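See below for the structure under consideration.
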Amino acid sequence: MTQDGFRAEDIDTSRPHPARIYDYLLGGKDNYEVDQEAAERLEAAAPEVRPGLRANRAFLQRAVRYVVGKGVRQILDIGTGLPTSPNVHEIARAAAPDVRVAYVDNDPIVAAHAGALLSASGTNSVVLADLRDPRGIVEHPEVRHIIDFDRPVALLLVAIVHFLTDADEPERVVAPLRDALPAGSYLVLSHATGDFADRSEAQAVYQRATASLNLRTRDRVERLFDGFELVEPGLAQVPYWRPDTPPPAGSELIGFYAGVARKNG
């Protein structure tokens, strides 16, 4: 069986995958023993990782509601990960039933699970593609089937760019995605950092995974928003971006920056 050019034997279950580690830490069941072991090593190295991922997920929900509230009706979610309810389309359509969502991930297991669980209504698509090929994403026919790049789009890069190495040139990768968006579009982005604690041991866990974890400082993360204007409160740790409940104790150690920014004309 093939999907977007991938064969079943291309699925690598011998090494941990970031999406499956994330799934395990969020309490999901779509992971393997190798992912579970990596997640437990990660949690031992960075005890705040589980609440941090929950806070990141809560940021995603608030950010989606924000952009939909600003009138955006198209969402391109790159690095979507395994489905976790509420999914992006569920969050968005609770506010506006006409929102269309294109999900993109580079793991065939993620694509298979997402394709099986998401609605076949024609207003969602699931695309197997890699962030390192941004033009391939923008030009993908299934993305184009859902997303009209002549109208505002919310681009979601949530907990994904930190899996790009410096050699991948993250700013260069984000630029074609930014350039494809019309004025009035938004970038929703979160990124891991070591600014609040030494997380070199957590990084080491990902050296055995299918993608490395590349922590970046605040100024490096801010550069990813070049060409956009950050909305208030600017770049913040995930629990502090427009919280709808008081952030729990220990939130100051959570090593995720997050922001939402608008592309002006």
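The values are calculated or read from the model by the stated rules, or taken from the named source; none is laboratory data. The shown structure was predicted, so the numbers you read here are calculated from the model rather than taken from an experiment. Here the Cβ positions follow ideal geometry from the backbone for every residue, glycine too, while neighbour counts run over all protein chains shown. Areas reflect the complete protein model, heavy atoms only, side chains present, ligands, DNA and RNA absent. Shrake-Rupley method; radii C 1.70, N 1.55, O 1.52, S 1.80 Å.
Some values worked out for this structure:
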{"item": "For segment 244-257, Karplus couplings with θ = phi - 60° (6.51, -1.76, 1.60), whole Hz, Gly/Pro x", "result": "9, 9, x, x, x, 4, x, 4, 5, 8, 5, x, 9, 8"}
{"item": "Net charge of Cβ neighbours under 12 Å - reference ILE146; Lys, Arg +1; Asp, Glu -1", "result": "+1"}
{"item": "Three-way shape label, the chain, alpha-carbon gyration tensor, a/c 1.5", "result": "rounded"}
{"item": "Å² of accessible area per residue within the chain, as computed with a 1.4 Å probe and no ligands counted", "result": "43"}
{"item": "Rounded to whole Hz, the Karplus (6.51, -1.76, 1.60) HN-Hα couplings of segment 220-236, x for glycine and proline", "result": "5, 5, 4, 4, 5, 9, 4, x, 10, 10, 5, 8, 4, x, x, 7, 9"}
{"item": "Portion, in percent, of the accessible area of segment 57-105 that falls on carbon or sulfur, probe 1.4 Å", "result": "47"}
{"item": "Helix-only [θ]222 nm of the chain, DSSP H runs n ≥ 4, -39500 (n - 2.57) each, per residue, nearest 500", "result": "-10500 deg cm²/dmol"}
{"item": "Inter-part distance where segment 131-193 and segment 51-106 are each reduced to a Cα centre, Å", "result": "14"}
{"item": "Summed side-chain charge close to THR245 - residues other than THR245 whose Cβ falls under 15 Å, Lys, Arg +1, Asp, Glu -1", "result": "+4"}
{"item": "DSSP-assigned coil residues among GluC sites (Glu not before Pro) in segment 108-217, each with at most 16 further Cβ atoms within 10 Å", "result": "GLU139"}
{"item": "Accessible surface of GLU222 - all protein chains present, 1.4 Å probe, nearest 10 Å²", "result": "70"}
